[in-house]
Amino acid sequence: MQQDGLWQAVLGEVELSVSKGSYLTWFKNTELLHNDHNLTIIGVQNVFIQQQLQKKFNNLIATILTKKGFPSRRIEYQIITSTTQRMIYDEPVFIEKQEETKNEPQHTTKNGFSHSYRQGLNEKYTLDNFVVGAGNELAFAACQSIAANPGSKYNPLFIYGGVGIGKTHLIQAVGNALKNQNSEINILYISTEQFVQEFVESLRSRKTADFASYYRSADVLIVDDIQFIAGKEKIQEEFFHTFNALHQANKQIIISSDKPPKDIPTLEERLRSRFTWGMSIDMQTPDFETRCAIIKTKSLAHNVELSPDIIEFLSNNIPTNIRELEGALNQLLAFCEMRAIEPSLGVATSLLGSSKSRPKHLSAHQVVDRVSKYYQVPVDDMLGPKRDKDIVVARQSAMYLLRSELHLSFPKISRELKRKDHTTAMHSVNKIEKQLNLDSDLKQSLAAIKERLYA
Ligand code: ADP
Ligand code: MG
């Protein structure tokens with residue numbers, strides 16, 4: 001677990017530093033095989049990834065490892081054999097011919113179409129280990145219903161929402177649940193980037209018919225991050241036909257995206273309308289309590305019981321991205337395990353406290369001022385004792401933004417707003433966070449204020 005935890009923490013940071021496409025293509029299935037002061041060995045799936053990481057990302061990886069407290073003189077990238085890969089098909093598939101894998105059997109699918117960069121379902125994502133709470137309960141309920149009865153009620157299911165909030169987890173969990181009930185079922189999970197890559201490859205090798213029939217043979221097709229299909233006409237057309245074929249045959253289609261169909265630019269109208277045929281769900285960032293429950297669950301999975309103050313600290317400090325939150329937790333656990341110490345608030349603060357930097361050009365004063373102008377509530381009222389509704393909303397919004405944008409501590413936020421008790425800031429921030437999921441006007445107001453702050 002220590003290496004796993006460390007590597008998850010490193011990946012969490014890599015993900016924030018490189019494009020989503022690069023992350024998925026080059027880092028997604030990597031593993032840490034060894035780490036000490038002299039040598040770090042990273043397991044990769046094929047020679048392309050090996051070369052790319054070596055050439056382009058070696059420095060980044062070295063820097064992050066050092067930053068996490070685990071520097072190493074040298075980093076090597078080792079190709080993992082195919083037996084360690086997770087496959088979702090009856091027959092295994094393997095990547096194109098390449099030197100390092102010449103001793104491995106070259107597998108292809110029934111129709112002879114050979115897949116590259118295959119990742120498939122990851123069985124660590126289950127419905128059971130998904131923590132349900134405000135923000136994700138609707139998406140969860142829809143997924144549960146599909147797992148019980150695929151192809152009937154919500155077809156397609158289109159789930160959209162921000163980065164790192166559990167979309168991939170949920171849609172993979174449906175695939176895993178169905179596979180557990182019936183191992184014969186043909187479930188195809190694919191990231192849109194892979195879909196694109198494979199399509200391009202099939203054009204090059206003149207195997208588009210194989211490509212098409214492969215995807216149309218699915219009982220359940222799960223396509224992750226469909227927003228990457230934007231602007232790619234040929235692929236949109238291919239996907240359109242696949243969609244129709246499956247939908248007509250009552251096969252379940254599940255799609256995720258970082259935005260709703262109407263906001264995906266240059267998406268063909270006919271695809272856009274199809275995406276909304278079934279059910280579209282706006283998945284939200286889990287609220288404070290749910291985040292705490294997620295941390296609790298994840299730490300217990302590592303056999304560690306964290307005290308409430310650590311859990312709340314993590315949940316408060318990393319409010320929007322569960323992947324980052326998990327990365328921070330893993331970093332903390334790995335750090336404590338390697339040094340054989342108990343996790344404490346002190347360690348958590350020293351490890352993570354400085355990870356957020358505040359934008360230099362923004363001051364607390366500017367934030368309060370912006371909020372005051374937007375809501376047309378005088379700053380004096382915001383800082384004063386009045387409790388009229390519009391004043392309270394402005395005051396709490398300001399506290400929320402001081403937290404989310406400037407990452408100020410609660411005592412500091414309370415002082416900025418002239419509140420006596422530092423818990424006032426904590427309650428206000430939590431309250432706004434919760435309300436954001438329910439109140440679209442508030443959400444819009446805060447987005448508008450933020451836009452002006454950074455304009
Ligand atoms: P997205 O696809 O929305 O970017 P992911 O599904 O990859 O996000 O989630 C990021 C990480 O957070 C994953 O490791 C996932 O297991 C975890 N996660 C997110 N939401 C939950 C949840 N409600 N319960 C348990 N784990 C979660
Ligand atoms: Mg995802």
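The values are calculated or read from the model by the stated rules, or taken from the named source; none is laboratory data. Just so we're clear, the structure is a prediction, and the values are computed from it rather than from any experiment. Please note: Cβ atoms are built from the backbone with ideal geometry, for glycine as well, and neighbour counts cover all protein chains shown.
Summary of values
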{"item": "Subset of segment 140-159 [among the aromatic types (Phe, Trp, Tyr) and within 16 Å of ligand 2 (Cβ to nearest atom)]", "result": "Phe140, Phe158"}
{"item": "Residue in segment 422-442 that is part of a loop (DSSP other than H, G, I, E, B), at pLDDT below 90 and over 26 Å from the mean Cα position of the chain (by Cα) present", "result": "no"}
{"item": "Which numbered condition Asn316 misses (of (1) surrounded by fewer than 20 Cβ atoms within 10 Å (Cβ to Cβ); (2) part of a helix (DSSP H, G or I); (3) free of Cβ contacts under 8 Å to residues at least 60 places away in the same chain)", "result": "(3)"}
{"item": "Selection count where residues are over 24 Å from Tyr154 (Cβ atoms) and either small (Gly, Ala, Ser) or within 16 Å of ligand 2 (Cβ to nearest atom) (or both), scope segment 195-225", "result": "6"}
{"item": "Members of segment 364-390 that are within 14 Å of Lys418 (Cα to Cα) and aliphatic (A, V, I, L, M)", "result": "Ala364, Val368, Val379, Met382, Leu383"}
{"item": "Residue within segment 241-254 that is within 23 Å of the chain's Cα centre (by Cα), within 16 Å of ligand 1 (Cβ to nearest atom) and either among the hydroxyl-bearing types (Ser, Thr, Tyr) or part of a strand (DSSP E or B) (or both) present", "result": "yes"}
{"item": "Only one of Leu300, Leu306 that is of a type in the set (A, V, I, L, M), more than 16 Å from ligand 2 (Cβ to nearest atom) and either surrounded by 14 or more Cβ atoms within 10 Å (Cβ to Cβ) or not in a helix (DSSP H, G or I) (or both)", "result": "Leu306"}
{"item": "Failed item in (1) at pLDDT 50 or above; (2) part of a loop (DSSP other than H, G, I, E, B); (3) not small (Gly, Ala, Ser), with Glu104 passing the rest", "result": "(1)"}
{"item": "Residues located in segment 164-221, provided they are aromatic (Phe, Trp, Tyr) and assigned to a helix (DSSP H, G or I)", "result": "Phe195, Phe199, Phe211, Tyr214, Tyr215"}
{"item": "Within segment 207-240, tally of residues that are farther than 23 Å from Lys167 by Cα, of a type in the set (A, V, I, L, M) and in contact with a helix residue (DSSP H, G or I) (Cβ under 8 Å, 6 or more places away or on another chain)", "result": "1"}
{"item": "Spans of strands (runs of 3 or more DSSP E) in segment 27-83 with at least 2 residues out of contact with any Ser or Thr (no Cβ under 8 Å at 6 or more places or on another chain)", "result": "31-35, 74-79"}
{"item": "Total residues in segment 128-187, condition touching a Lys or Arg at 6+ places or on another chain (Cβ under 7 Å) and closer than 27 Å to Pro319 by Cβ", "result": "5"}
{"item": "Tally of residues being at pLDDT below 90 and at positive phi across segment 340-380", "result": "1"}
{"item": "Residue ID - farthest from Glu326 (Cα to Cα), chosen from residues in segment 15-54 that are of a type in the set (Val, Ile, Thr) and surrounded by fewer than 20 Cβ atoms within 10 Å (Cβ to Cβ)", "result": "Val47"}
{"item": "Odd one out for Ile254, checked against (1) in contact (Cβ under 8 Å) with a residue 60 or more places away in the chain; (2) surrounded by fewer than 22 Cβ atoms within 10 Å (Cβ to Cβ)", "result": "(2)"}
{"item": "Single condition Ala394 does not satisfy, out of (1) farther than 27 Å from Leu325 by Cβ; (2) exposed (fewer than 14 other Cβ atoms within 10 Å of the Cβ)", "result": "(2)"}
{"item": "Residue, surrounded by the most Cβ atoms within 10 Å (Cβ to Cβ), within segment 129-142, restricted to residues that are in contact (Cβ under 8 Å) with a residue 40 or more places away in the chain and more than 9 Å from ligand 1 (Cβ to nearest atom)", "result": "Ala139"}
